[in-house]
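What follows draws every value from the coordinates through simple rules; no lab data is involved. Quantities reported herein were computed from a predicted structural model and do not represent experimental measurements. Don't worry about glycine lacking a Cβ; one is built from the backbone with ideal geometry, like all the others, and counts go over all protein chains shown.
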Amino acid sequence: MQEKISMIKMREILRLRYENELSARQIGLSCNVGRQTVSNYLALAKRSGINWAADKTLNDTQLEEKLSSSQKKGCSEPGTVRTAPDFEYLHNELKKKGVTLQLLWAEYKQENIDTGYQYEMFCLLYSRWKKKLTICMRQTHKAGEKLFVDYCDGPGIVDRDTGQVKPTELFVGAWGASSYTYAEASFTQSTQDWLMSHVRAFEYFGCAPHIVVPDNLKSGINKACRYEPEINRSYLCLAQHYGFAVIPARVAKPKDKAKVEAAVLLAQRWILACLRNRIFYSLSEFNQSVGELLEKLNHRKMQKINKSRKELFESLDKPAALALPGVRYEYADWKKCRVNVDYHIDINSHYYSVAYQLIHESVDARITENTVEIFYKGSRQASHVRSYEKCSYTTNPEHMPESHRKYLDQTPSKMLTRAETVGPNTVEVIKNIFERRIFIQQSYRSCLGIMRLLEYYGKERLENACKRAVKFKVFSYRNIKAILVKGLDKQSDLSSSKIENISPVHENIRGEGYYKPGGSLC
C-alpha cells in the first residue's frame, strides 16, 4: 500500500498536462514530484478516462473516486515506499484513557515526516489490520476499566465417608484490555460465595477495576432491567467498599461480556479438562490445583500478540486500575425489619433492641458473622454483638424509655416484698425467675402472673404450689398455674405417701392374678 499525493498536486499535474501541454519532467520540476511519479499518475488518469475539460469542475471527492475506479480493478497505486506503522503498539495504546487514533498518527507522522502515511490511509491500514485479530481481541477496552465475571459448571467433590458427589460452580473473571483471568470453585452461587469470590479475585489481581460486568444472576442483581437494573444490597456495599461500578450485561446478550465467555471456554479447556481424570475430596484441594493451572494459562503467550496475559495486565490494566482499600471487605447480609412494640427486631429468631422512638418503623439490619447493625434512613441507630441463641433477647438499656428503666429498678424489690407476705417458697420462686433472665423486664410478666394467682387460689395454696415447684425446680408461671389447676398442691409428698389403686369389680376385669404364674393366661 502506497500513499496518495494530495488532490491539490493532482489537479495541478492534470492542469499542466492538458492545458499547458508540459512534459512529465517539466511538471515534476514545477510540482516538486518525481518524473516517474508524474508519468504514473498521468497513466492512472488515462486509465480512469479523465477528460480534464469536463472533469476539472468536479470536487475533490468526485475526482478521487473517478481516479480510484481503475485501482479497484487491480491497478497498483504510484508513489514512494512508505514506513508501515506498528499496529500492535497502536492497538495497545488505544486502550489507554484519552488516547485517540489521531494523536497516535501525529506521533507517527512526526517520526516519519517523509515516508509516513497521511491520516486517512493510516486509519484505513489500522482498520484492515484489526480485522485480522481474533474475536476476543477485536473489542476495544480501556486499560484498567472493566472486569467481566461469570460462572460455569465445575467438577464434583467426593465425600470420603459417604462417597456422595457434590457439584461445584467455577467462578471466572477476565479483564477487558489484557484478558488476565482468575478462577476458583465454590459449592453454590449464593450471595456470600459470589461476593467473596470477587474479594479473592481482587486480592489475586492486587487491584480493583472501575467497572464490573456480571451476568444477571440473583446473587448480584435483584431485578434485571436493560435501563435501570436493581443491584443486590450486599453487592452494592461491596462495590462501594472497593470503589467500582456494577453494570450488568443485558439479558440474553452474551456479547456484552464476550471477554469472560472466552475466558470460561479457556478455563474449561486448560483447567477443567486437565483435571478431568483426578478425584478431589475437598474444595480447597481442587482450588489449589486450579491455581496452579491458572498461573500457566496467564503466563502462556497469546497468538498474534506474542505476549502473555500476565505481561499485558502488568503494562495495561494494573497501572490504570483502582488500588485496594486498607481493610478487607467483610461479608454482610441485609434485612428489612419492622420494630415491634417492645422496641426489638427479629434476626434469625433472636431479638435485638433499638431506640424505643422507632417503634413500628421500618429499619435496615446489616448482619455480619459477629455484629448486627441497625440503620434507619441510612443512619446507624444501634449495634449489637451477634448472638446465635434462639428465642432470646439482646437489649441495650439505653434504648428503653426512662419510665421503663425506673420501673425496672423498683420491680424486683416490690415483687420480693409482696412474695414475702405469701411465704418463703414463693420468694424462692420469684428469686429464681429474676436470676435466670439477663434483663429484668423479660421476667416481670412471669412474676406478675404468679402473684395474680393469689386472687383465685389464696396464699396457702399458692405457697404449697411454689413449694412443689421448688422441689421439682420448675420456675415458671405456667408450671405453677398447672399445679393449682390440677390440685397437685393439695397432695402430700409423693415420696412418702402410698396411693392406693382400687379397681372396680366387674366381670370383664380379670385382675392382676390372671397374669401371674398359674393364672388362666398361663
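Observations on the model:
- Measuring how big the chain is from its alpha-carbon positions, Rg and Dmax come out at 43.2, 152 Å.
- Near residue 38: Cβ cut-off under 11 Å, other residues only, Lys/Arg at +1 and Asp/Glu at -1. The net charge is +3.
- Neighbour cut-off at most 11 other Cβ (10 Å), DSSP loop, trypsin sites (Lys or Arg not before Pro), segment 313-377: 328, 377
- Separation between Cα centres of segment 243-269 and segment 343-410, rounded to whole Å: 42 Å
- The alpha carbons of segment 87-132 occupy a box of 28, 23, 15 Å along the principal axes, longest dimension given first.
- Estimated [θ] at 222 nm from DSSP helical runs (n ≥ 4, -39500 (n - 2.57)) normalised by residues in the chain, nearest 500: -11500 deg cm²/dmol
- Quotient of Cα Rg and 2.2 N^0.38 Å for segment 333-399, N being how many residues it contains: 0.96
- Phi to ³J(HN,Hα) by Karplus 6.51 cos²θ - 1.76 cosθ + 1.60 over segment 189-203, Hz, x for Gly, Pro: 9, 5, 4, 5, 5, 4, 5, 6, 5, 4, 4, 5, 5, 4, 5
- With contacts taken as Cα pairs under 8 Å at a separation of at least 6 residues, the chain carries a relative contact order of 9 percent.
- Short to long, the 5 Å bins of the Cα pair-distance histogram for segment 228-380 hold 2, 7, 10, 11, 12, 14, 13, 10, 7, 6, 5, 3, 1, 0 percent of all pairs.
- Theoretical gain in end-to-end length, residue 330 to residue 247 [0.36 nm per residue, Cα-Cα removed]: 27.7 nm
- Nearest 10 degrees, 0 to 90: helix 258-267 Cα axis against the chain principal axis: 70 degrees
- Under 11 Å from the residue 281 label point (7 Å along Cα→beta-carbon), backbone N, segment 140-174: 158-163
- Those chymotrypsin sites (Phe, Trp or Tyr not before Pro) in segment 352-420 that DSSP places in a loop and that have at most 12 other beta carbons within 10 Å: 388
- Take every pair of alpha-carbon atoms less than 8 Å apart whose residues are at least six positions apart; their mean separation over the length of segment 146-320 yields a relative contact order of 27 percent.
- Cβ-Cβ FRET estimate between residue 255 and residue 390, R0 fixed at 35 Å, reported to 0.05: 0.10
- Relative to the longest principal axis of the Cα atoms of the chain, helix 119-130 runs at roughly 50 degrees.
- Net lengthening on full extension, residue 20/residue 64 (0.36 nm per residue, minus Cα-Cα): 13.6 nm
- Between 0 and 90°, nearest 10: helix 7-18 axis offset from the chain longest Cα axis: 20 degrees
- Modelled this way, with points 7 Å down the Cα-to-C-beta line, the labels at residue 299 and residue 110 are 3.9 nm from one another.
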